[in-house]
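The values are calculated or read from the model by the stated rules, or taken from the named source; none is laboratory data. Note that the coordinates shown come from a computational prediction; the quantities given were computed from them, not determined experimentally. All Cβ positions, even for glycine, are placed from backbone atoms using ideal geometry, and neighbour counts span all protein chains on display. These area figures cover heavy atoms from the full protein model, side chains too; ligands, DNA and RNA do not enter into them. Shrake-Rupley method; radii C 1.70, N 1.55, O 1.52, S 1.80 Å.
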Amino acid sequence: MYQFRKKQSTANINLAKLSQIPGEEDIHFLFSEAAKNRGRFVEIAWMKPEKPTLFVLTAKVIVDKPTIWMLYKGEGENSQLLWGHESGDLSLIYNLVMLECDKEYNTSSQIGANVNTGAKPDSNASAQSTTISDYQQPPSVSNDNVFPKPPIITNNAPLPNAANEVANTMSTLAAAANIASNAETSSTDLAGSLKNISVANLMRHIHQKMLTGRLSIYGGLGAAEIFFKSGIIIHASTLDTKGDTAVLDVITWREGEFHFALGEDTTHRSIEKNFETLFNECLILEKQISFLQAQGLTQDSYLQKIDLAITPAQFEQMLSGIVQIDIISQRKFFDAIDNRSALSDVLRKHPTVKSEWIPIMYSLLNAHLVTIAPKPIQDVSLGISETIQVDPGLIYNAVSSLSEPTTGIFSYGAFLYLLQREFYRFERSGGRFSIIVFELGVYDEKQGAYLRLSAQALNEACERIDKRKRKLDLLAHFQKSSLIMLLPETDSSGAYVFANRMYDMLNKAPLSPLMQGMQIMLSSGIASIPDDCRDLDTLLTYGTYAKRYSSIAHKPVILFSDIAKNT
């Protein structure tokens, strides 16, 4: 029987005790461990030999909420909560810790010298704050310790004494960032919609703040991840592209949601250009997009050549200096325009990434070599008097006949047929593709057991996935209780990005009213052609094996290639 992820322990996670005051790198490490163990308190303790007073700093990361921080002093019944705070700014937390250490050790750190520490904190200040059940787990340096329930000082409540000055400074910086109204305004915890802020502005903000973390974007165009190190982009990937091309591709996205996870790092390095060069290219691409939108260009626009008899020399002369794309690529794209096809058809016949075809279209329109036509030009010499319209009803009926009536997604048999067609395309043209084999479940705390999704919840999950995937991706039933996705033109790393975004998206809101507070459990395995193998039987076997390994290892997403490396 399928095994979902085991329920996470609620016990605190204790990091190694320090013999000195923690530095900024220790705070960052504490946060990174809390991010890996979301929903649990992770704590770090320290005690200086010359003055044996124990301090304990705890952190708890909750999805779509600011990180919860609490600082304690002492052990057991003598433990005292010094403060609690919700913030994504690690520099602020470090400064607050330094304030308390300055008082205890009478040191002279920079923050202590610049900020008036004032009198001892008034206990009534904490009593006025909101106490939230999620925040009420104390540190666990000793299992026998009994601590009071910690009051939490929210971002809107005053911090004790001198900490106000630090918090107010960070609040001013966050307000100056001018992030969209529905986005988190903290400089380190950004989330919102691309309808209100562009990807370029997000990149600029993260760069100016010199932040380290992962910017995740997902929506109708797929999913993407951009990793920053001290404000510099070091790695980027989408389902289709990597590196510099992936950044330029994401710049064109106008729909979707984003979230910046502070402190998350990666060992991958795919960016070749420096930030200034890459960002300038992004700004140029944005201006070109605005121009094309003003011209009314869409994927359904028909393209018409103005001069059918233009010579190669004239073509090169007219396009000279407009965009920095080689003339051969522009000519190939121009030749693919047949006066009868929409832009989407041209791109299908001549596959080109957005960061290339947008500048090419900008160049062709500016040089007056191509114009946008309201409808395709009919060749009167062929005697064509009417156009055959594609009937959406026939397409719907055909798809319905291949789908399961309970969920509306493809049946296993239909999927195998379509998978075989994709494999034939690989054999003919070398087109890569990946599969994701996965199962969904939920942990019910009341029953203390893992349950399969109800029919209502499964239908909702399928609808959410269908909205997030690309139009060319396929979702289907697989064997008895699993689901499977086919991602054309996607390698293993691109599928990994999508699977993780799918996991986050399914947990963003309950799948049904009865699932309030329940976490969706995902076990998924990814295999790819030609990355992992070159035949369908092996592909399905590898994907299924990786999914089972995901269940055993309690990890939501596993690449078969990672298993192969470790065996």
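The table for this structure:
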{"item": "LEU419 being of a type in the set (A, V, I, L, M), in contact with a strand residue (DSSP E or B) (Cβ under 9 Å, 6 or more places away or on another chain), within 17 Å of SER523 (Cα to Cα) and open to solvent by less than 30 Å² (accessible area, probe 1.4 Å)", "result": "no"}
{"item": "Counted residues, the range 482-531 - those being in a strand (DSSP E or B), of a type outside the set (A, V, I, L, M, F, W, C) and surrounded by 22 or more Cβ atoms within 10 Å (Cβ to Cβ)", "result": "4"}
{"item": "Pairs, first modelled with pLDDT of 85 or more in the range 380-396, second surrounded by 10 or more Cβ atoms within 10 Å (Cβ to Cβ) and in a helix (DSSP H, G or I), C-beta under 9 Å, six or more apart", "result": "none"}
{"item": "Some residue of the range 274-287 being modelled with pLDDT of 85 or more, out of contact with any Cys (no Cβ under 8 Å at 6 or more places or on another chain) and outside any helix (DSSP H, G or I)", "result": "yes"}
{"item": "Selection from the range 210-239 of residues that are over 15 Å from the mean Cα position of the chain (by Cα) and surrounded by fewer than 21 Cβ atoms within 10 Å (Cβ to Cβ)", "result": "MET210, LYS229, SER230, GLY231, ILE232, ILE234"}
{"item": "Filtered residues of the range 468-477 (kept if of a type outside the set (A, V, I, L, M) and either under 21 Å from ARG432 (Cα atoms) or in a helix (DSSP H, G or I) (or both))", "result": "ARG468, LYS469, ARG470, LYS471, ASP473"}
{"item": "Sole exception among (1) assigned to a loop (DSSP other than H, G, I, E, B); (2) over 25 Å from ALA246 (Cβ atoms) for THR538, by number", "result": "(1)"}
{"item": "Flag if ARG340 is over 25 Å from VAL250 (Cβ atoms), in contact with an Asp or Glu (Cβ under 9 Å, 6 or more places away or on another chain), open to solvent by 30 Å² or more (accessible area, probe 1.4 Å) and assigned to a loop (DSSP other than H, G, I, E, B)", "result": "yes"}
{"item": "Residue among ALA59, ALA35 that is of a type in the set (A, V, I, L, M, F, W, C) and modelled with pLDDT under 85", "result": "ALA35"}
{"item": "Candidate set from the range 44-101 (those that are part of a strand (DSSP E or B) and hydroxyl-bearing (Ser, Thr, Tyr)); member that is farthest from ALA261 (Cα to Cα)", "result": "THR53"}
{"item": "Residue ID - nearest to the chain's Cα centre (by Cα), chosen from residues in the range 431-464 that are of a type in the set (Phe, Trp, Tyr) and farther than 27 Å from LEU536 by Cα", "result": "TYR443"}
{"item": "Filter result for the condition that a residue is over 22 Å from SER561 (Cα atoms) and loosely packed, with under 12 Cβ neighbours inside 10 Å, over TYR450, TYR396", "result": "TYR396"}
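One line per residue, one yes/no per condition, for (1) closer than 28 Å to THR371 by Cα; (2) without any contact (Cβ under 8 Å) to a residue 24 or more places away in the chain; (3) hydrophobic (A, V, I, L, M, F, W, C); (4) outside any helix (DSSP H, G or I):
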{"position": "ALA246", "(1), (2), (3), (4)": "no, no, yes, no"}
{"position": "GLU255", "(1), (2), (3), (4)": "yes, no, no, yes"}
{"position": "PHE258", "(1), (2), (3), (4)": "no, no, yes, yes"}
{"position": "SER270", "(1), (2), (3), (4)": "no, no, no, yes"}
{"position": "SER290", "(1), (2), (3), (4)": "yes, yes, no, no"}
